[in-house]
Amino acid sequence: MNDDADAVRAAALEAGRLLFAGPWRFVLGAATPAALPPTDGVEVAFAGRSNVGKSSLINAVTGRRALARTSRTPGQTRQLNVYDAGARVKLVDLPGYGYARAAKRDVAEWTRAVFDYLRGRANLRRVYVLVDARHGLKPTDEAALDTLDEAAVSYQLVLTKADKVKAADLGTVVAATAAAIAKRPAAHPAIIPTSAVSGAGIADLRGEIAAFASESGVAA
Ligand code: GDP
């Protein structure tokens, strides 16, 4: 990497550090999109199969150990949970999908809930779709990506639990995931490996989210 690229990355990481140094809080859990707060500032959302590590990742990104619930019955939560630290950026925790029992109904319900959410969220910059680094993309993930492609919302794949995978195997799953989404129209090509346990990738994710805020002119 050259000096310019290093400087750009360092600035992004610092902006991310500052954004997430603030006191993040739970704003509300919305049973329907109509109950969501106004679309001021920018918004990014997190999606993934139940048990993928979504709550743990949101806790790690916000630096709040128990902000998103980390233990609950898989597939139980259907609401959209919103977190913020002031008016600039909101994080939206979408309902988990793909719980083995009632999988078909689950996907249909998730699709409807997410479509309802996407309609009218003009400030939504990206949906981070979480995938377990040990398993890679599953058919229910592919179905969720179909929904996001259809809605034409920019999304990016984030691998979770990277600490559970050997470095060489992580490279393989990153490459396989990148290949699997290469032809998907709304997918960002870069895959972000993360671990809520080791902290890997968390600063990068913070930096990306801060960049959305500054691009939109809502940075401090
Ligand atoms: P959610 O259902 O997607 O919100 O998943 P949770 O955040 O509740 O995590 C599901 C399980 O995976 C829990 O037992 C977590 O402790 C575990 N987990 C989550 N993230 C990580 C990680 O980065 N590394 C490891 N080793 N375990 C994780």
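The values are calculated or read from the model by the stated rules, or taken from the named source; none is laboratory data. Model, not experiment: these values are computed from the prediction. Here the Cβ is made from the backbone with ideal geometry for all residues, glycine too, and neighbour counts use every protein chain on show. We work out accessible area using only protein heavy atoms, side chains counted, and drop any ligands, DNA or RNA first. Shrake-Rupley method; radii C 1.70, N 1.55, O 1.52, S 1.80 Å.
What list of ³J(HN,Hα) couplings, whole Hz, do you get for the stretch 177-184 from phi and the Karplus terms 6.51, -1.76, 1.60, once you set θ to phi - 60° and write x for glycine and proline?
In residue order, the calculated couplings are 5, 4, 5, 5, 9, 3, 9, 7 Hz.
On a full-extension model of 0.36 nm per residue, what is the gain between residue 109 and residue 122, subtracting their alpha-carbon distance, rounded to one decimal in nm? Intermediate values should be presented prior to the final figure.
Details: separation 13, 0.36 × 13 = 4.68 nm, distance 2.23 nm.
Taking 0.36 nm per residue and subtracting the Cα distance, the gain is 2.5 nm.
Tabulate in residue order the Karplus-calculated ³J(HN,Hα) for the stretch 130-140, using 6.51 cos²θ - 1.76 cosθ + 1.60 with θ = phi - 60°, rounded to whole Hz; enter x for Gly and Pro.
Listing the rounded values in order: 8, 9, 5, 4, 7, 10, x, 6, 9, x, 5 Hz.
Which distance in nm do the two modelled labels at residue 154 and residue 215 give, with both placed 7 Å along the Cα-to-Cβ direction?
0.2 nm
Could you go through the stretch 11-16 in sequence order and give the Karplus-derived ³J(HN,Hα) for each residue, using 6.51 cos²θ - 1.76 cosθ + 1.60 with θ = phi - 60°, rounded to whole Hz, and x for Gly and Pro?
Once rounded to whole Hz, the list reads 5, 5, 5, 5, 4, x.
With the radius of gyration and the Kirkwood radius both derived from the Cα set of the chain, what is their ratio Rg to Rh?
Numbers: Rg = 16.4 Å, Rh = 17.5 Å.
For the chain, the value is 0.94.
Given 0.36 nm per residue, what is the gain on full extension from residue 35 to residue 79 after removing their alpha carbon distance, in nm? Walk me through the numbers before you get to the answer.
Numbers: separation 44, 0.36 × 44 = 15.84 nm, distance 1.02 nm.
Difference between extended and current length: 14.8 nm.
Mind listing the long-range amide H neighbours of residue 97? Cut-off is under 5 Å, sequence gap 5 or more, other chains count too, H placed in the peptide plane at 1.01 Å from N.
48, 49, 50
How large a share of the accessible area of the stretch 81-159, in percent, is made up of carbon and sulfur atoms when the probe is 1.4 Å and the other protein chains stay in place?
Numbers: 1590 of 3060 Å².
Summing carbon and sulfur atoms, their accessible area is 52 percent of the total for the stretch 81-159.
If amide H atoms are built 1.01 Å from N in the plane of the peptide, which residues on other chains or at least 5 residues away come under 5 Å of the amide H of residue 134?
Under 5 Å from the amide H of residue 134: no residue qualifies.
Might you tell me the accessible area per residue for the chain, computed with a 1.4 Å probe and given in Å²?
Numbers: 10530 Å² over 220 residues.
In whole numbers, the chain has 48 Å² accessible per residue.
Once label points are set 7 Å from the Cα along Cα→Cβ at both residue 8 and residue 66, what is their separation, rounded to one decimal in nm?
Once both label points are built, they end up 4.2 nm from each other.
Considering only DSSP beta bridges whose two residues both sit in the stretch 3-215, what percent are antiparallel, to the nearest 5?
Around 30 percent of the beta bridges assigned by DSSP in the stretch 3-215 are antiparallel ones.
Compute the length gained on full extension between residue 21 and residue 166: take 0.36 nm times their separation in residues and subtract their Cα-Cα distance, giving the result in nm to one decimal.
Numbers: separation 145, 0.36 × 145 = 52.20 nm, distance 3.06 nm.
Here the segment from residue 21 to residue 166 would lengthen by 49.1 nm.
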